[in-house]
């Protein structure tokens, strides 16, 4: 098996790599903290609000907050010598060793409990004496607006339109050009806190936080949350980090789960495949919940089910593939021309035009998660049962139509095979619930519909000569979503057509048989997805390959592949959407729920398959 190269880290003389960032969050929004001590991305007060720090998609001039050892004017900020999460939490500790001593910066966002959003940064002396600087330069409206900065009652305010930031610290600073600068010395055994809070500009200033108490409460929150995780198989540390990240992408007040906290981090460096992922995709949220359910977390499933019922309401006919955090449907896509994009990857987009697409796999994924929630003990809900049957009826009326696929292609609708299979799965799971007495429905038409979809897919999407299902009806192209065949139950995992499909996808879409691309792209030519350019390997698809190999009887090979994929994580255990095997770096929005849930689900599945293989078969 080919050996993969883990991400490498470069000095701060160039733009930091995506994997150079840590995630902190308060279950309503998040911030990305670079290894050089700079917060380069934060949206306030929610994931889908405008960014106040947008330096990630431009330069420091588009908003950042850097704390680190002082350096000569014009010199690059040094990377931390060590960066880690404090135990199983979202508290980041970065340490710099300097010629005069060692200093630690602790970054975190306390989960909100009646207070406004806060980003707290504690500078702690470890050894010796270190001269430090803090440069807070918020730029509201995605880096476009310079705030009015002033001091009131010993507190610093930065105001722009409807937004206000309040900075509290014991260190004296000065304002210049819409930024706040501090220079101070930290000695061993002492610490200084910087607390930044957001508040509507018309509202009174928020209370001054107690940084030390907030740190203890944040640590206690994550300790309590992780105590309820039940996974105890191999690579538990990696799995728990993945689950913490998934929890960090949930929006506590509504139960919605965003696909990623960022927008426009490129799938193709320097290219145009840059999209906004700060919304709730029904598909992504569904699969995220499957990972949480399988590892002992049911509260999130109940919250998401309630969010789902509110968002879809009684109108599944107008089902969208994604919604905003509060269930709103509008997210018009537009480009932010003043931002050059990450490593000059433009355009920078906010909103997402895929919201109006038809993706027929979505009802199947939603129903499958609702079934899983039932199997894991989430209490029955009459409204949920009604929703399932409405979604099945939606499938009945639309499954024959072409759609835009799981990959949200913009090159025209087709009869995508995975979409049809998930239509089959939607009906199949409903039948299962009827047979269990959970749902009340006439079985005969459901069984007939399931059989009709199955027969058409086998007749029109299967290439007998190559022994593989194809991307769409009549196509010769393959698609990584076909790796899900063994999981859906559409055919038995040991069916030659399933094994042939897994082998064909690996042969034609995997780099060295390991990293899997979603489908073939055409470089400079506009491909079937409507875009030119290439992209990295899609990390979730590699985890799908792990699962497919395990389910088709190749457990040892699956375990070896999983071990290799773990080496692609950042040193903090995080994964972006894709991985560029040539540049050996992560690409796409970060951290990506899809990639993190793929890791967790594969770990759970491998452990289940190991136990199954170790269980002796007792002859009848």
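Bear in mind these aren't lab numbers, they're just calculated from the coordinates by the rules spelled out. Bear in mind that the values here come from a model prediction, so they are computed numbers and not experimental data. Cβ sites come from the backbone with ideal geometry, for glycine too, and all protein chains shown count toward neighbours.
Taking the chain as the reference, fit the longest principal axis to its C-alpha atoms, fit the long axis of helix 443-460 to the helix C-alpha atoms, and give the angle between the two in degrees, 0 to 90, nearest 10.
80
Give me Rg/Rg_expected for segment 454-570, where Rg uses Cα atoms only and Rg_expected = 2.2 N^0.38 Å with N residues.
Compared with the compact-globule rule of thumb, segment 454-570 sits at 1.07.
Using only the alpha-carbon atoms of segment 216-341, report the extent along each of the three principal axes, biggest first, to the nearest angstrom.
46, 41, 29
Between residue 133 and residue 237, what is the spin-label point distance in nm, taking each point 7 Å from the Cα along the Cα→C-beta axis?
Calculated label separation equals 3.5 nm.
Which whole-percent values make up P(r) of segment 21-222 when all C-alpha to C-alpha distances are grouped in 5 Å steps starting at zero?
1, 8, 17, 21, 23, 17, 9, 3, 0, 0
Once the mean 1/r over all distinct Cα pairs of segment 411-510 is inverted, what Kirkwood radius in angstroms do you read off?
For segment 411-510, inverting the mean 1/r across all distinct Cα pairs yields 14.2 Å.
Could you work out how far helix 555-566 tilts from the main Cα principal axis of the chain, as a 0 to 90 degree angle to the nearest 10?
That works out to roughly 20 degrees.
Please compute the length gained on full extension between residue 75 and residue 440, using 0.36 nm multiplied by the number of residues separating them and subtracting their Cα-Cα distance.
124.4 nm
Between residue 554 and residue 508, what is 0.36 nm times their sequence separation minus the Cα-Cα distance? Round to one decimal in nm.
Stretched out fully, the residue 554 to residue 508 stretch lengthens by 14.7 nm.
Order by neighbour count: 458, 381, fewest other Cβ atoms within 10 Å first, most last.
Least to most surrounded, the residues fall as 458, 381.
Suppose R0 equals 45 Å; then what is the FRET efficiency for residue 224 and residue 571 from their Cβ-Cβ distance, rounded to the nearest 0.05?
Result of the calculation: an efficiency of 0.95.
If you take the square roots of the eigenvalues of the alpha-carbon gyration tensor of segment 35-102 and sort them as a ≥ b ≥ c, do you get rounded (a/c under 1.5), prolate (a/b over b/c) or oblate?
Verdict is oblate for segment 35-102.
Going 7 Å from the Cα of residue 86 toward and past its Cβ, which residues in segment 55-74 have a backbone nitrogen under 18 Å from where you end up?
Answer for segment 55-74: 67-68.
How big is the chain by the Kirkwood estimate over distinct Cα pairs, in Å?
Value: 25.3 Å, from the Cα pair sum.
Using only the alpha-carbon atoms, how far is helix 211-227 inclined from the longest principal axis of the chain? Give it as 0 to 90 degrees, nearest 10.
Between helix and principal axis, roughly 20 degrees.
Given a Förster distance of 25 angstrom, what is the FRET efficiency for residue 614 paired with residue 299, based on the Cβ-Cβ distance and rounded to 0.05?
0.20
Label-point separation (nm) for residue 386 and residue 190, each offset 7 Å from Cα along Cα-to-Cβ?
6.5
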